[in-house]
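*Asks:* Provided herewith is a single structure, encoded as structure tokens, for subsequent inquiry.
Every read-out reported here was derived from the displayed coordinates using simple, explicitly stated rules and does not represent laboratory data. Only a predicted model underlies this, so the values are computations on that prediction, with no experimental measurement involved. Counting neighbours? That spans all protein chains shown, and the Cβs are built from the backbone with ideal geometry, glycine included.
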Amino acid sequence: MKVSIITSCYNRAATIEGAIRSVFAQDYSDIEYIIVDGASKDGSQVVIEATIKDAPQNVTVKYISEPDKGMYEAINKGIRMATGEVIGLCHSDDFMFDDKVVSDYVHEFERTGADFVYADGIFVAEKDITKSVRRWIGGEYSRWKVRHGWLPLHPTCYIKKDFMMRNGLYDETYKIAADSDLLVRYLLSPDIKVHYMKNRFTTRMRMGGMSTDSSKRKKMWNEDIRVYSGYGFHFATLTKIEKMMWKIPQFIMAKLKNA
């Protein structure tokens, strides 16, 4: 089973090497790694081109750099380029949790026959990636939970490519919430088979600036409401509030840990 990992990048010269090397460190034997850069202006291409020279034998690299309209267009380009049976993401600010991430996903796909496998993730401090800030424990999937705002952590979601092509890629009219739109669409699909890798962290994510950027927070709120309304949720605003409430245990546990 070939696995295609996609990294979209725009002006991430400071972090992109770490993302790439975390993919290169994987022990799985058949990885296709697709890097889609949006014609960065900060030297990201120089870092990418220097780093991919170190690609190991088990990783085949595809790399393009050209203007795009944002992350979701870039990811869609990567999916269309992919020849793997399974699609996964490693964002340009993030890292694979350890060197067995891809191997463990493949094992679960083969064992369960799932279309969609997700796991848990850890948020780390933006300036100190050794410092764990918050743990995202996905919990078991159910359609009821999705209809009440629950979603798995997006970068932990590995999905069969044929399922994605049948059910549509990221809606590029969204600027922030296309991942939520895709996850809701997929997880409410009547024929999807979902598996949760319990007690398995697969990604480390840098804490970003969303919480301190009021304009982005407002846009995310509005786009999430649009997502829920678009799928016929009768109380879209309530669902958005419920989505936020699913995160409360994470913040409580983080405070207890740091107390």
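*Asks:* Just one of I20, I52 is free of Cβ contacts under 8 Å to residues at least 40 places away in the same chain and closer than 30 Å to R166 by Cα; which is it?
*Replies:* Exactly one residue qualifies, and that residue is I20.
*Asks:* Filtering the stretch 226-251 down to residues that are assigned to a helix (DSSP H, G or I) and of a type in the set (D, E, K, R), which residue is nearest to A177 (Cα to Cα)?
*Replies:* Selected residue: R226.
*Asks:* Can you tell me which residues in the stretch 16-55 are surrounded by fewer than 19 Cβ atoms within 10 Å (Cβ to Cβ) and in a loop (DSSP other than H, G, I, E, B)?
*Replies:* Residues satisfying the conditions are A25, D27, S29, D30, A39, K41, D42, G43, A55.
One line per residue, one yes/no per condition, for (1) acidic (D, E); (2) over 26 Å from S103 (Cβ atoms):
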| site | (1), (2) |
| --- | --- |
| D171 | yes, yes |
| A177 | no, yes |
| L188 | no, yes |
| D191 | yes, yes |
| Y196 | no, no |
| M205 | no, no |
| D224 | yes, yes |
